[in-house]
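What follows is a single structure, written as structure tokens, with notes after it.
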Amino acid sequence: MRRLSLALTLIAPAALAAEMPIRGVTLSSAGIAQIERAGEVAANAPVVFRAPLGDVDDLLRSLMILDPAGRVEGLSLPARDLLNEAFRGLPLRPADFENRASLLNALRGQEVEAAGARGRIATAAETDAGLHLSLIGPRGLLSVQLKAGDEVTLTDPALAARVARAAEALAAARSDDERRIEIRLRSDRARQVAVIYIAGAPLWKPSYRLMAPALGATGGQARLMGWAVVENASGSDWEGVRISLVSDDAAAFRQPIFEPITVPRPELPVRIAEAIRVRPDTGPMPRMPAAASMMAPPAAAPPPTMNDLMNAPSVSAAPAPAPAPAPLAVNVAAQAAAGRVAFTLERPVTLRSGETANLPFLDLSLPAERVWWVQNLWTARPLQALRFRNTSNHVLPDGLVTVFDGDGAPSFLGDAELRALSPGDQRLIAFARDRDMRLSSQSVDQFELTRFNLRRGFMTFTAKTIDETVVTIDPRGASGVMVIDLPRRHGATPRFPVVAEGDFGLRFETQLEAAPKTIRLGFERTESQDIALWDQGLGDPLLLQPAQFDLEASLRRLPGGPGSVERLQETLSRTGADVPGRDVLASTITALQQIRVLLDSARLAAREARSADQALTRARQAVEDRTGGEQQAARQRLNAASREAEAKGAASSRAFEAWQRAVVALLQQGS
């Protein structure tokens, strides 16, 4: 029979296997650590270690076991809600383990054996003589006095096992922020086993110290020293651990694998028989007259059935020259792959859990030069910057650069930001603003007509616009290279040599030779504009009828109308004699002037025709209003007015058609 012995110490701690130590850590810039544990494992012995509670999700989804001779049977660890699971269904609570008496009192009614007596626990109390236990036996109440070393044994083996498990869970819960991991392996011999898993980790943070060459020096070299801030948040000490520092853009996710997840299910109601409602019989009533029966009130609606209530719509609830700097003890193997670079420190690192270290991982000499850098043409002072090239065979990770003057004793110049730099690429890093050099800028705009073209109803103007910024630089006797970045302009062509393009826009460089200098940075844009000689909203000029078209109402929309010739004449006056198409513009103006004459004639003829029509109307009215001899005279005047109206109408039509032919002829010219 399996029994639980409750002595003075209550529970004896089980012997635990030694934890497998950490041998290697790879820290990624994605906030991930690859942890490698390794050591010798005996035959059929498990691998045991502790991990922080926050790392268990990552461990469960990424664990790999490297065992040359064994087979993996599985992994076990205490539940996330360890105490609740261990005490579920027990007559105990964690507070009951405070002392012997409280534990035994919580087990009242359970059968035990103590000091040769057997019975069910009634009460337990601590006295000066020891633990006093009252038991209920078959013949009544028994009193048992326990001395040091006496045992109280539960006779129910299942309950004894569960109490032992609860005690074990209580001990484990005292360090609730970590879990004991046990990996069961099957093998017939001892061998070296490695366990690799992923866990969240603080970012390793690179920083650089850069010794800059002097301003204006040719063939200069910059010494770049890289240091990495590393934090041990693994929950275990690192003793002689191999460290690798990886810079990459790896995708990294979390998933709550260790968290118990229950799937919500719709609740299906229990179906019961529909209640039968019977209306009691109250006996017959006297018969009502037919008329009175029509006035009887309607019968009440029957009460809702259980089926109606269950199918009713539910209501939802509301819803972070001095000595040069000493050489670094850097013996690092750098390994680059697509989008990834790893720096492996060959000297093992010892770092206790929770400690931080600053470890050198890089010491390079790179070709570099001091330059001035202008990122905004309207600033008065340029930036001091360093331009250097990565001549190593691996990527330099992002980091903060502390810049020192490398000419003599180190002197702080400023801080700069270095973005990831691939092999062979170059970077500009600005570390200060130059207080001596001066810049002044001024905008100058130029507009020039470059071509005219006539094409069937349109006069096309082609113009060149030059937006130029004139920059005056006073280097105050200094010499060197100035780099200027300008934003791109859509549709415009730079009028200066562009040495590079990038997120910064367009880059221009100029050499300063101690004296003031003026440079011009312009953009040229060519634009075309069409001017319609005929308003398309008026319809086809060939189909216009004089009687249906009002020249006066559409005057400003017509070729030859007010302002049309004058605008073109002003443009012609501002155009050089050698501009292509100038003669076309001049001939178009001449044609429009002739059209204006014809338009004025057509307007005059139209007015005269309207006047003649009005006179004809009055003459007709006069004939109707008169009799006798006066009517005869009125008829003669009517005949004369009719002949005049006909003649004026014909003249108006001829003038309109002459203007119309000239307009059509102009619109048919050009390509």
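The values are calculated or read from the model by the stated rules, or taken from the named source; none is laboratory data. Being a predicted model, the structure only gives us computed values, none of them experimental. Note that each Cβ is placed from the backbone with ideal geometry, even for glycine, and that neighbours are counted across all protein chains shown. For the accessible areas, the whole protein counts, side chains as well, though only heavy atoms, and no ligand, DNA or RNA atoms are used. Shrake-Rupley method; radii C 1.70, N 1.55, O 1.52, S 1.80 Å.
Per-structure values
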{"quantity": "Members of the stretch 244-255 that are assigned to a strand (DSSP E or B) and out of contact with any Lys or Arg (no Cβ under 9 Å at 6 or more places or on another chain)", "calculated": "Ser244, Leu245"}
{"quantity": "Matching residues, the stretch 88-125, being modelled with pLDDT of 85 or more and of a type in the set (Asp, Glu)", "calculated": "Glu111, Glu113"}
{"quantity": "Among (1) among the β-branched types (Val, Ile, Thr); (2) open to solvent by 30 Å² or more (accessible area, probe 1.4 Å); (3) in a strand (DSSP E or B) - the single one Val498 does not satisfy", "calculated": "(3)"}
{"quantity": "Meets criteria (open to solvent by 30 Å² or more (accessible area, probe 1.4 Å), farther than 24 Å from Gly354 by Cα and over 37 Å from the mean Cα position of the chain (by Cα)) for Gln255", "calculated": "no"}
{"quantity": "The lone exception for Ile261 - which of (1) of a type in the set (A, V, I, L, M); (2) in a strand (DSSP E or B); (3) open to solvent by 70 Å² or more (accessible area, probe 1.4 Å) it fails", "calculated": "(2)"}
{"quantity": "Tally of residues being of a type in the set (A, V, I, L, M, F, W, C) and not in a loop (DSSP other than H, G, I, E, B) across the stretch 551-584", "calculated": "5"}
{"quantity": "Cross-chain or 6+ apart pairs with Cβ under 9 Å, the stretch 541-556 first and of a type in the set (Ser, Thr, Tyr), then surrounded by 17 or more Cβ atoms within 10 Å (Cβ to Cβ) and in a loop (DSSP other than H, G, I, E, B)", "calculated": "Ser554/Gly561"}
{"quantity": "Pairs with Cβ under 6 Å, 6+ apart, first in the stretch 450-474 and closer than 10 Å to Asp530 by Cβ, second of a type outside the set (Val, Ile, Thr) and buried (at least 16 other Cβ atoms within 10 Å of the Cβ)", "calculated": "Asn453/Gly581; Arg455/Gly670; Gly457/Leu533; Gly457/Trp534; Gly457/Leu667; Thr460/Asn453"}
{"quantity": "Filter result for the condition that a residue is modelled with pLDDT under 85, within 27 Å of Leu60 (Cβ to Cβ) and open to solvent by 30 Å² or more (accessible area, probe 1.4 Å), over Leu142, Leu77", "calculated": "Leu77"}
{"quantity": "Within the stretch 368-398, tally of residues that are surrounded by 21 or more Cβ atoms within 10 Å (Cβ to Cβ) and small (Gly, Ala, Ser)", "calculated": "2"}
{"quantity": "Residues of the stretch 452-464 satisfying the condition of being at positive phi and either open to solvent by 50 Å² or more (accessible area, probe 1.4 Å) or hydrophobic (A, V, I, L, M, F, W, C) (or both)", "calculated": "Arg456"}
{"quantity": "Contacts under 7 angstrom Cβ, first residue in the stretch 625-651 being within 28 Å of Ala602 (Cβ to Cβ), partner open to solvent by 50 Å² or more (accessible area, probe 1.4 Å), 6 or more apart", "calculated": "Leu638/Arg620; Ala645/Asp613; Lys648/Glu608"}
{"quantity": "Filter result for the condition that a residue is among the aliphatic types (A, V, I, L, M), more than 22 Å from Thr518 (Cβ to Cβ) and surrounded by fewer than 14 Cβ atoms within 10 Å (Cβ to Cβ), over Ala416, Ala409", "calculated": "Ala409"}
{"quantity": "Test: Thr402 is surrounded by 15 or more Cβ atoms within 10 Å (Cβ to Cβ), modelled with pLDDT under 90 and polar (S, T, N, Q)", "calculated": "no"}
{"quantity": "Residue in the stretch 585-595 that is under 28 Å from Ala645 (Cα atoms) and β-branched (Val, Ile, Thr) present", "calculated": "yes"}
{"quantity": "Test for Ile484: is it open to solvent by less than 30 Å² (accessible area, probe 1.4 Å), under 39 Å from the mean Cα position of the chain (by Cα) and closer than 30 Å to Arg582 by Cβ", "calculated": "no"}
{"quantity": "Given (1) open to solvent by less than 40 Å² (accessible area, probe 1.4 Å); (2) under 34 Å from the mean Cα position of the chain (by Cα); (3) at pLDDT 85 or above; (4) not aromatic (Phe, Trp, Tyr), index of the condition Val341 fails", "calculated": "(3)"}
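Conditions tested, residue by residue: (1) among the charged types (D, E, K, R); (2) more than 29 Å from Leu170 (Cα to Cα).
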site	(1), (2)
Glu40	yes, yes
Ala43	no, yes
Phe49	no, no
Gly54	no, no
Leu60	no, no
Leu63	no, no
Arg71	yes, yes
Ala79	no, no
